[in-house]
Amino acid sequence: MMRIMKFGGTSVANAEAIGRAVAIIKEHFSAGEKIAVVVSAQSGVTDTIIRMADSLAMATNEEIIHPCIGGLEKQHLATLQEVAPDRYSEVAPVIQKRLQTLSNFLHAVFHLRELTPRSRDYISVFGERLSAPVIGAALMQAGVPSVVLDGCEAGIRTTAVHGDAIALPGSAPRIKHRVLPLMKDAVPVIMGFMGCTEEGIITTLGRSGSDYTASIIGNALSADEIWIWTDVDGIMTTDPRLVSTARVIPSISYSEVMELSYFGAKVMHSRSVEPAMQKNIPVWVKNTFNPAIPGTCITKGQQTGSRVVKAITYIDRVAAINITGASMIGRPGVAKTIFSGLAGAQVNVMMISQGSSEANISLIVEESQAQVAVLALRDLIDRCMVREVTANTDVCAVAVVGAGMAGALGTAGRTFTALGKAGINVMMISQGSSEVNISFVVSQKDGPEAVRILHDEFLLSEGSDE
Ligand code: ADP
Ligand code: ASP
Ligand code: MG
């Protein structure tokens, strides 16, 4: 049995959590399983480092660096001391050296007043560079031989799209060549979230990218299973922070999880399903702090059961781009010009809706790309193809997800009737042809309420799926 186990930020946040992770790994390794581990940065560390780098590019002094580095040093060394006292003298200098390197880079950002996407990626992965040696040492301390690798050393080669890189197909044989031999008698501990280009330039796989790393490794090694260890009991009917009665979904399909994660369910990175799906590898989402619970199993099968809707999710950092103008009516090529303009500006379009009059096209993009999108479309006004392009950032997208919706009548009706009754105005609607989701846009203030109403409407707090 070969398993890839990924431990997220909260699962390695402190000595207690790492102790739990080590106990889980040891149990399976001792039982003769082949295990490769993927780890995140300790919870909050990536945020801290990125915030620091971003602010230094505009700062007037560099005094913030020293206390920040000092804080990271204290945190990681204290954890190391607790989880691996016997390895402290060997591993502490590794951590200190990495922090010195990070500090040098942060000073360089300040002096240059420049943070390119490439240097931002290089800096962002220090959270994993600090956590992985601590976890590797903790395993050794527990008698489990381990080898620590960064994403690049593990063989992950990616596109050069910094901040959102995608693994190249050529990674698989490399990963196999690098990682598989180590698994014969040890546990490789691989830093999540990172890879490198063919030229060896460090890239990141997008925030929360360690899930994606686990799936890439699982695919390359044709693992039997991928286990995502996190801080909730599995994939739930909605974010439990939003609806306290949210329930664990015992089994769900790859396509449903893709929709959920695409529309903001933070529990999985949106690209992480695909590599596992390619090889039909089951992915389990489990709770490090409650390991006895089976969690959620993600597979190909669409166990629709009696439920049409499985989960509700929402994403709030989006913007609606509205493109209007009577001159769009009946004019071929407007949509093509819009989409090629946006693609040229690297804007990712998340949702599309076009009024049947054709006088209006609305798009949903990430909030951070709103201005870029408007600028990219300005050209259409100049060419008299459209009259106006506006961006509204006061919106959020909600998605109702469930494979059982395909062919079932009435889900859209129920959704919008429930929202209408609650006085929530729906600004835009989109349904994919796969019918796995219905997504719509409401004003930002209505987002959480819309999720709660629909969670109630589809009785998601009640009963079980089995
Ligand atoms: P990790 O650090 O382990 O990767 P994350 O914080 O990235 O953990 O993801 C887990 C969190 O995702 C949960 O604590 C939960 O608040 C949030 N979440 C959002 N939507 C869902 C959902 N549908 N099911 C489970 N958790 C969700
Ligand atoms: N540490 C990275 C992040 O915070 C990757 C991850 O946790 O999956 O985004
Ligand atoms: Mg995560």
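The values are calculated or read from the model by the stated rules, or taken from the named source; none is laboratory data. Quick caveat, the model's predicted, so the values are computed rather than measured. Note that each Cβ is placed from the backbone with ideal geometry, even for glycine, and that neighbours are counted across all protein chains shown. Areas reflect the complete protein model, heavy atoms only, side chains present, ligands, DNA and RNA absent. Shrake-Rupley method; radii C 1.70, N 1.55, O 1.52, S 1.80 Å.
Taking the stretch 296-309 as the region of interest, how many residues are under 10 Å from SER251 (Cβ atoms) and either at pLDDT 95 or above or open to solvent by less than 50 Å² (accessible area, probe 1.4 Å) (or both)? So that I can check it myself, show each step before the final result.
Going through the stretch 296-309, the residues under 10 Å from SER251 (Cβ atoms) turn out to be 296-299, 301-303, 305.
Filter once more, keeping what is either at pLDDT 95 or above or open to solvent by less than 50 Å² (accessible area, probe 1.4 Å) (or both): 296-299, 301.
Matching residues across the stretch 296-309 total 5.
Give me a count of the residues in the stretch 44-69 that are in a helix (DSSP H, G or I) and within 16 Å of ligand 1 (Cβ to nearest atom).
6
Contact list please: Cβ distance under 9 Å, first residue in the stretch 188-201 and free of Cβ contacts under 8 Å to residues at least 12 places away in the same chain, second residue in a loop (DSSP other than H, G, I, E, B) and open to solvent by 10 Å² or more (accessible area, probe 1.4 Å), pairs at least six apart or on different chains.
GLU199/ALA160
If only one of VAL94, VAL38 is away from ligand 2 (no atom under 14 Å from the Cβ) and either assigned to a loop (DSSP other than H, G, I, E, B) or not hydroxyl-bearing (Ser, Thr, Tyr) (or both), which one is it?
Selected residue: VAL94, the only one of VAL94, VAL38 that is away from ligand 2 (no atom under 14 Å from the Cβ) and either assigned to a loop (DSSP other than H, G, I, E, B) or not hydroxyl-bearing (Ser, Thr, Tyr) (or both).
I want to confirm something. Restricting to the stretch 403-438 and keeping residues that are over 17 Å from HIS455 (Cα atoms), among the polar types (S, T, N, Q) and touching a strand residue (DSSP E or B) at 6+ places or on another chain (Cβ under 8 Å), which single residue is surrounded by the fewest Cβ atoms within 10 Å (Cβ to Cβ)?
Within the stretch 403-438, the match that is surrounded by the fewest Cβ atoms within 10 Å (Cβ to Cβ) is ASN425.
Of the conditions (1) more than 30 Å from VAL395 (Cβ to Cβ); (2) near ligand 1 (Cβ under 9 Å from one of its atoms); (3) modelled with pLDDT under 95, LEU260 satisfies every one except a single condition; which number is it?
(1)
Within the stretch 10-21, which residues are surrounded by 24 or more Cβ atoms within 10 Å (Cβ to Cβ) and either away from ligand 1 (no atom under 12 Å from the Cβ) or without any contact (Cβ under 8 Å) to a residue 40 or more places away in the chain (or both)?
Result: ILE18, single match.
Could you identify the single residue in THR324, THR245, THR237 that is more than 27 Å from PRO169 (Cβ to Cβ) and under 19 Å from the mean Cα position of the chain (by Cα)?
Just a single option satisfies the conditions, and that option is THR237.
Restricted to the stretch 242-264, and to residues that are within 14 Å of ligand 3 (Cβ to nearest atom) and small (Gly, Ala, Ser), which residue is most open to solvent (accessible area, probe 1.4 Å)?
Looking at the filtered set, the residue picked out is GLY264.
Residue-wise test of (1) out of contact with any helix residue (DSSP H, G or I) (no Cβ under 7 Å at 6 or more places or on another chain); (2) surrounded by fewer than 16 Cβ atoms within 10 Å (Cβ to Cβ).
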position	(1), (2)
SER272	no, no
PRO294	yes, yes
ARG317	no, yes
ILE323	no, no
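What's the number of the condition SER89 fails, among (1) within 16 Å of ligand 3 (Cβ to nearest atom); (2) free of Cβ contacts under 8 Å to residues at least 24 places away in the same chain; (3) not aromatic (Phe, Trp, Tyr)?
Only one criterion in (1) within 16 Å of ligand 3 (Cβ to nearest atom); (2) free of Cβ contacts under 8 Å to residues at least 24 places away in the same chain; (3) not aromatic (Phe, Trp, Tyr) is unmet by SER89, namely (1).
Run MET268 past the list (1) outside any loop (DSSP other than H, G, I, E, B); (2) buried (at least 18 other Cβ atoms within 10 Å of the Cβ) and report the number of the one that doesn't hold.
The single condition MET268 does not satisfy is (1).
(1) in contact (Cβ under 8 Å) with a residue 40 or more places away in the chain; (2) within 26 Å of the chain's Cα centre (by Cα); (3) surrounded by fewer than 20 Cβ atoms within 10 Å (Cβ to Cβ): which one isn't true of MET351, the others all being true?
Checking MET351 against (1) in contact (Cβ under 8 Å) with a residue 40 or more places away in the chain; (2) within 26 Å of the chain's Cα centre (by Cα); (3) surrounded by fewer than 20 Cβ atoms within 10 Å (Cβ to Cβ), the one that fails is (3).
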